[in-house]
Ligand code: AMP
Ligand code: GLY
């Protein structure tokens with residue numbers, strides 16, 4: 001069988017690498033891919049936004065399965081287009097993908113399903129949102145604990161965590177008046193701010209049955225100690241002790257199952273990867289957001305640990321027989337992924353710097369360097385995005401995996417390369 005993977009990040013490289021290992025797969029295509037996917041699979045020059053182009057390619061190349069990596073094509077209806085063309089495709093439909101594409105939709109599902117989440121209010125006019133803040137916090141010096149969120153997709157930038165009144169007012173201004181995030185700001189949410197450690201719990205669902213994957217933890221802020229601006233994720237590890245077995249069972253029962261049922265009841269049945277972004281608060285886990293795809297970079301350490309055939313898991317999902325699937329096999333060793341980024345990221349950065357040392361890193365045992373923002377230029381691998389590589393390693397413990405990942409990072413260099421130095425250290429705060 002030929003498989004097509006849509007996207008060009010570290011997540012898609014990990015998917016291509018894992019799926020290429022399946023004995024049932026002949027050829028893996030990645031569209032548009034990066035320099036790493038060109039090595040482990042074959043790149044196809046179609047942008048992830050070109051739904052018609054993807055369908056045409058799949059038809060012409062006997063593609064028996066398509067896996068859509070990023071949220072934008074899912075929210076734009078890529079899965080619906082493949083299904084209309086009678087092609088097998090893994091991911092939620094356009095309406096189900098609203099769980100990520102519309103924060104208002106997501107909060108309403110959570111509220112209907114009685115899933116724990118921060119209290120929230122929805123606004124479609126800036127004046128009313130502003131009045132709400134002014135009434136709730138009459139003094140400029142009041143201690144403010146709110147998060148202001150644009151409703152739609154804003155590449156992770158439409159969420160503003162506020163501790164002062166002027167920050168909340170400014171966030172409303174940016175989202176609803178200046179329209180910094182365009183149509184994503186047609187509606188906005190103001191919700192209570194939660195405290196705790198964040199965790200990512202991903203599950204695969206066919207709309208009825210849920211297979212929960214081991215919990216992972218991302219590191220969203222750019223700098224060590226969780227400081228600096230937010231990014232797409234500077235590193236991740238799996239499993240995380242922050243979510244123990246008991247918590248995981250609770251999350252399955254009180255978060256994932258009711259959500260999948262609510263989606264079914266609402267006639268937007270969900271099939272694909274359901275990714276709960278959780279805050280582990282003193283009152284228990286609460287949902288911050290849902291994503292409708294594998295996390296990036298969480299996918300990299302997750303798939304590095306998965307021993308079972310991912311294609312079998314996806315097939316069972318598409319055929320609605322996840323209830324009959326044998327339990328997944330996992331490498332007992334934890335995995336840590338350190339993201340190496342371009343100078344300037346998450347702001348602007350230069351591209352085209354030659355990356356050296358990839359072969360040396362690849363020679364280290366239990367290491368896989370997943371590419372994200374890379375391209376090939378004159379036969380050399382160069383940086384072509386903000387997050388460039390996801391250097392991932394397995395180890396006997398989280399600390400060992402961390403050590404090995406950073407040993408691989410040390411082999412790799414380009415002008416301006418940097419990474420966080422403390423990926424997975426948060427695990428050490430929790431007794432294991
Ligand atoms: P979201 O896209 O909704 O996950 O938000 C992105 C990031 O904003 C999360 O990973 C959290 O770090 C932060 N965040 C979102 N909602 C809240 C909240 N209610 N309380 C505290 N932090 C939040
Ligand atoms: N790592 C966060 C995300 O994939 O959205």
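The share of Cα pairs per 10 Å bin across the range 249-305, counted from zero up to the longest distance, runs 20, 47, 30, 3 percent.
Residue ranges 381-389, 351-359 sort as 381-389, 351-359 when ordered by packing (mean number of other C-beta atoms within 10 Å per residue, highest first).
Legend: translational diffusion of the chain by Stokes-Einstein, Rh = Kirkwood radius over C-alpha pairs, 25 °C, 0.890 mPa s; D = 111 µm²/s. Take every Cα pair under 8 Å whose residues are at least 6 apart in sequence, average their separation, divide by the length of the range 16-142, and the relative contact order is 13 percent.
Length available on full extension from residue 429 to residue 246: 0.36 nm per residue minus the Cα-Cα distance, which gives 64.1 nm. In the chain, helices alone account for a calculated mean residue ellipticity at 222 nm of -8000 deg cm²/dmol, with every DSSP H run of four or more residues adding -39,500 (n - 2.57). Full extension of the chain between residue 224 and residue 195 gives 8.6 nm of extra length, using 0.36 nm per residue less the Cα-Cα distance. The shape of the range 1-135 can be summarised by an equivalent ellipsoid whose semi-axes, obtained from the alpha carbon gyration tensor, come to 37, 15, 14 Å from longest to shortest.
Full extension of the chain between residue 21 and residue 163 yields a length gain of 46.3 nm, computed as 0.36 nm times the residue separation minus the alpha carbon distance. Judged by the mean number of other Cβ atoms found within 10 Å, the most tightly packed of the peptides 135-143, 84-92 leads the ranking 84-92, 135-143. Find how many whole Å separate the alpha carbon centroid of the range 295-373 from the alpha carbon centroid of the range 161-201. Rounded to whole Å, the Cα centres lie 30 Å apart. The relative contact order of the range 273-418 comes to 24 percent, based on Cα pairs under 8 Å that sit 6 or more residues apart.
Please identify which residues in the range 391-422 have an amide N closer than 13 Å to a label point set 7 Å out from the Cα of residue 354, following the Cα→Cβ vector. Once the point is set 7 Å along Cα→Cβ of residue 354, 413-415 turn out to lie under 13 Å by backbone N, inside the range 391-422. Computed as a quarter of the hull surface, the mean projected area of the alpha carbon convex hull for the range 277-432 stands at 12.0 nm². Under the criterion of Cα pairs below 8 Å and six or more residues apart, the relative contact order for the chain equals 16 percent. Here the range 261-369 was treated as a single set of alpha-carbon atoms; its pair distances binned every 5 Å from 0 give 2, 8, 11, 15, 17, 16, 12, 10, 6, 3, 0 percent.
Read-outs throughout are calculated quantities, based only on the coordinates presented, and are distinct from any laboratory measurement. As the structure is a prediction and not an experimental result, all values here were calculated from the model. A quick note on method: Cβ atoms are made from the backbone with ideal geometry, for glycine too, and the neighbour counts reach across all protein chains shown.
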